[in-house]
Amino acid sequence: GLGVLFTPWTGGQSLRWVGCANYVESGEDALDAIANGEIDLSQTITIEGRSLPAPTDCSAGEGEVRLEDRLSPNEIMLHVNANLPGWVLWSEVWYPGWRAWVDGQPVSVERGDYLFQAIPVPEGQHVVVAAYRPVWFYAGGVVSLLTLMGVFFFFWRRKEHSVE
């Protein structure tokens, strides 16, 4: 079977900027690339399901990521400063429902290094916000609100008919 062995890095960071990306078709391809040592994980991130050209000179990229604030248990604010476009790799498990904004503009949260969240960031200084906002949560809220309104309407109509 397919197994995963997690080896902790000494001095590993939960947030880091990465200038180089290795694009693969699927999670299995990402896992193979990482497990086979095909890429240097300290310099390159593996992004699933995208096909973009790789940067021509990865060694020239430098970036800094700083956690500015944890706005809630499900939302963080980061400051990113980079001399080239790159990725913020966040050691939070990738899961559908995470959203991200760079300077208030929505960007996609990709699956990076098979397991984590990767947020594309252009060169320069930027504020990045990442938040867990699944669509099903809001859909559930709408259904609950409609149900509550239906119950109130039912009792209101029942009260009107019993008065007559």
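Overview of values
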item	result
Residues satisfying the stated conditions in the stretch 118-164, i.e. in contact (Cβ under 8 Å) with a residue 12 or more places away in the chain and of a type in the set (Gly, Ala, Ser)	118, 124, 130, 131
Selection within the stretch 19-32 - surrounded by 18 or more Cβ atoms within 10 Å (Cβ to Cβ) and either in contact (Cβ under 8 Å) with a residue 40 or more places away in the chain or more than 18 Å from the chain's Cα centre (by Cα) (or both)	19, 20, 21, 30, 31
Positions within the stretch 109-164 being hydroxyl-bearing (Ser, Thr, Tyr) and outside any helix (DSSP H, G or I), in sequence order	114, 132
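This table checks each residue for (1) over 24 Å from residue 27 (Cα atoms); (2) assigned by TED's automatic domain parsing to the domain that holds residue 27; (3) modelled with pLDDT of 90 or more; (4) basic (Lys, Arg).
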position: 63; (1), (2), (3), (4): yes, yes, no, no
position: 82; (1), (2), (3), (4): yes, yes, yes, no
position: 99; (1), (2), (3), (4): no, yes, yes, yes
position: 105; (1), (2), (3), (4): yes, yes, yes, no
position: 123; (1), (2), (3), (4): yes, yes, yes, no
position: 128; (1), (2), (3), (4): yes, yes, yes, no
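The values are calculated or read from the model by the stated rules, or taken from the named source; none is laboratory data. Everything quoted here is computed from the prediction, not taken from an experiment. Using ideal geometry, Cβ is built from the backbone for each residue, glycine included, and neighbour counts are taken over all protein chains shown.
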